[in-house]
Amino acid sequence: GAVVSQHPSRVICKSGTSVKIECRSLDFQATTMFWYRQFPKQSLMLMATSNEGSKATYEQGVEKDKFLINHASLTLSTLTVTSAHPEDSSFYICSARVPSYEQYFGPGTRLTVT
Amino acid sequence: SQQGEEDPQALSIQEGENATMNCSYKTSINNLQWYRQNSGRGLVHLILIRSNEREKHSGRLRVTLDTSKKSSSLLITASRAADTASYFCATDLAGYNTDKLIFGTGTRLQVFP
C-alpha cells in the first residue's frame, strides 16, 4: 500500500528558530501533497496544498512567509516553520494523494516551541 | 467555515456493542471518506463512499451516505478495545478543481474491555 513518512516525528525548538519537517511518499509518486495542523483534541485544518514544481497554495489565514513549503520532487515536500513561536506548537501532518482520490497520511510531527 | 460536524463528540461503549457516529457537511461533494486516528498518530483511511453510492461495507464497518440530507454515518459492529480512537469524516468539494479534503470535527470513541 501507499506509505507516507514524516521526519522528524518530534521536535523541540526555541522561539525564534526555524524548523523543517519532511514529508516523503515512499512507494509512489505524489504530484500533490497536503499539509495540515492539528491542535489537541481538535480536527485537522488544511494549511496548504503543495504541488510539485510550483508554488504552494495556502488556505485563508495561513501565513505563507511563516510556513514555507517546498515540493522539490515527486516524493518529497518540506514544511519550514520560520521564526517559531510557542503558539506554533502543534501536530503537523502531511498527506499525499493517489489517483483513486484517497489521501494517505504521514504519522505526523509533534512540534513544541519553548 | 466549511468544516463538517460530527456527533457525538465522544462515545463510550463496551466491547461487543455497536458504535454509530454521524457526519454532516455543508456543500455538494464528489465523495466522503472516513479516517481513524489513534492518539498522537497519523490518520488511517477506512473507507470511501462516492456521492452516487448510498451504502458501503468493509469488514465490521458500514457507511451510509444521504446526499439529500448532506449526512453520513459510520457504524462499527461488534466493537473491540482496539477500535478506541478518534474517527473523522472528510469531504471534497464538488465543482471545485481541487483535491482538498475538509475534515469533520471528529468523534472520540472509547471501547471498554
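The values are calculated or read from the model by the stated rules, or taken from the named source; none is laboratory data. In this text, all values refer to a predicted model and were calculated from it rather than measured experimentally. All Cβ positions, glycine included, derive from the backbone under ideal geometry; neighbour counts span all protein chains shown.
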Residue match in the range A:54-71 (condition: within 14 Å of chain B (Cβ to nearest Cβ) and either in contact with a Gly (Cβ under 9 Å, 6 or more places away or on another chain) or within 14 Å of A:Gln6 (Cβ to Cβ) (or both)): yes
Matching residues in the range A:6-18 - criterion: being in a strand (DSSP E or B), within 13 Å of chain B (Cβ to nearest Cβ) and either at pLDDT below 95 or out of contact with any Cys (no Cβ under 9 Å at 6 or more places or on another chain) (or both): A:Arg10
Residue count for the range A:78-105, restricted to those that are within 14 Å of chain B (Cβ to nearest Cβ), crowded, with 22+ Cβ neighbours inside 10 Å and at pLDDT 95 or above: 3
Check on B:Lys100, under 30 Å from A:Tyr58 (Cα atoms) and in a loop (DSSP other than H, G, I, E, B): yes
For A:Cys23: the one exception among (1) away from chain B (no Cβ under 12 Å); (2) assigned to a strand (DSSP E or B): (1)
Odd one out for B:Thr77 among (1) more than 8 Å from chain A (Cβ to nearest Cβ); (2) crowded, with 18+ Cβ neighbours inside 10 Å; (3) among the β-branched types (Val, Ile, Thr): (2)
Verdict on A:Thr114 being more than 13 Å from every other protein chain (Cβ to nearest Cβ) and surrounded by 14 or more Cβ atoms within 10 Å (Cβ to Cβ): no
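When you look at B:Tyr87, is it closer than 27 Å to A:Thr109 by Cβ, surrounded by 13 or more Cβ atoms within 10 Å (Cβ to Cβ) and aromatic (Phe, Trp, Tyr), yes or no?
yes
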Sole residue being touching a residue at least 12 places away in the same chain (Cβ under 8 Å) and surrounded by fewer than 14 Cβ atoms within 10 Å (Cβ to Cβ), chosen from B:Phe112, B:Phe103: B:Phe112
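Kindly evaluate A:Gly61 against the criterion of being without any contact (Cβ under 8 Å) to a residue 12 or more places away in the chain and over 25 Å from B:Tyr87 (Cα atoms).
So A:Gly61 fits the description; yes.
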Criterion (more than 19 Å from A:Phe39 (Cα to Cα), of a type in the set (S, T, N, Q) and in contact (Cβ under 8 Å) with a residue 24 or more places away in the chain) met by exactly one of B:Ser58, B:Ser86, B:Ser71: B:Ser71
Among (1) polar (S, T, N, Q); (2) within 30 Å of A:Pro8 (Cβ to Cβ); (3) buried (at least 16 other Cβ atoms within 10 Å of the Cβ); (4) more than 11 Å from the chain's Cα centre (by Cα), the one test that B:Gln33 misses: (4)
